[in-house]
Amino acid sequence: MRIDVLTLFPEVFEPFLRSSIVGRAVSSGLVEIGLTNIRDFAHDRHKSVDDTPFGGGPGMVMACGPVFEAVESVSAQREGQPVRVLLTPQGRLMDQSAVRELAGHEWLILLCGHYEGFDERIRVGMDVRELSIGDYVLSGGEAAALVVMDAVVRLLPGALGHEDSAEHDSFTDGLLEYPQYTRPREFRGMAVPDILLSGDHGKIAAWRREQALERTRQRRPDLLEDREAPGGSRGEDD
Ligand code: 6GU
């Protein structure tokens, strides 16, 4: 897979790309990541990429010129059609199924904005899908792009040390994770549940399933409704 990030702050990504699961996926060649500075596509002598909004109002708006040129330049650098993702709080809310879908493509372009937003013609004049990582406001798309990259890369076959780890994750079967323990058996008076020490793999699996269900029921009952009504809007009488 190839991921190109278009940003005004490419340096933000570098330590992340050297660390942990994503870093290992990069060094082993599972994913190739390109960082492009949108400012390299500014033409005036101040290298400006933003301007004041027509109609007035506070803040600055990311201008079309440098963004279009950066996306077009990166898209022309190799064969195939990249999926272009505009990171914005106005986008579709990211969830694990959106991540799985993105992970199925060969090539992604992640476009990070800054300032008060993008000129509307960036949304309508370019083939982009808009993605948000949650209902809160970030000052730029960079932190969101890091989230997207982490979630996508760990799904690539071979990215996790233990091959079926991703299948056991929270959300993969629509439930939160069951409680996990490691040594020591007792820590500050808190013991590991006996069943996990029993060696009975059938009972352990049943206990974990029950724990995952109960935890989801208590903390995220909305996830259980989503499981019971795939497609979201279907009612109980289906
Ligand atoms: Cl993708 N970008 C920004 N700027 N803020 C956000 C977001 C993205 N997702 C949630 N908040």
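Numbers at a glance
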{"item": "Val128 farther than 30 Å from Gly55 by Cβ, surrounded by 11 or more Cβ atoms within 10 Å (Cβ to Cβ) and of a type outside the set (Asp, Glu)", "result": "no"}
{"item": "Of residues in segment 1-40 being of a type in the set (D, E, K, R) and under 15 Å from Val148 (Cβ atoms), the one surrounded by the fewest Cβ atoms within 10 Å (Cβ to Cβ)", "result": "Arg2"}
{"item": "Selection status of Arg123, surrounded by 11 or more Cβ atoms within 10 Å (Cβ to Cβ), within 16 Å of the ligand (Cβ to nearest atom) and free of Cβ contacts under 8 Å to residues at least 40 places away in the same chain", "result": "yes"}
{"item": "Among the candidates Ala166, Ala159, residue that is away from the ligand (no atom under 16 Å from the Cβ), in a helix (DSSP H, G or I) and under 20 Å from the mean Cα position of the chain (by Cα)", "result": "Ala166"}
{"item": "Unique match (being modelled with pLDDT of 95 or more, closer than 23 Å to Ser19 by Cβ and assigned by TED's automatic domain parsing to the domain that holds Phe9) among Gly125, Gly134", "result": "Gly134"}
{"item": "Gly113 vs. criteria among the small types (Gly, Ala, Ser) and crowded, with 18+ Cβ neighbours inside 10 Å", "result": "yes"}
{"item": "Members of segment 40-49 found to be touching a Gly at 6+ places or on another chain (Cβ under 9 Å) and modelled with pLDDT of 95 or more, listed by number", "result": "Phe41, Ala42, Val49"}
{"item": "Selection within segment 132-145 - open to solvent by less than 20 Å² (accessible area, probe 1.4 Å), among the hydrophobic types (A, V, I, L, M, F, W, C) and more than 6 Å from the ligand (Cβ to nearest atom)", "result": "Ala145"}
{"item": "Single residue of Leu108, Leu93, Leu102 found to be within 16 Å of the ligand (Cβ to nearest atom) and open to solvent by 80 Å² or more (accessible area, probe 1.4 Å)", "result": "Leu93"}
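The values are calculated or read from the model by the stated rules, or taken from the named source; none is laboratory data. Keep in mind the model is a prediction, meaning the values are calculated, not measured. Cβ coordinates were reconstructed from backbone atoms using ideal geometry, including for glycine residues, and neighbour counts include every protein chain displayed. For the accessible areas, the whole protein counts, side chains as well, though only heavy atoms, and no ligand, DNA or RNA atoms are used. Shrake-Rupley method; radii C 1.70, N 1.55, O 1.52, S 1.80 Å.
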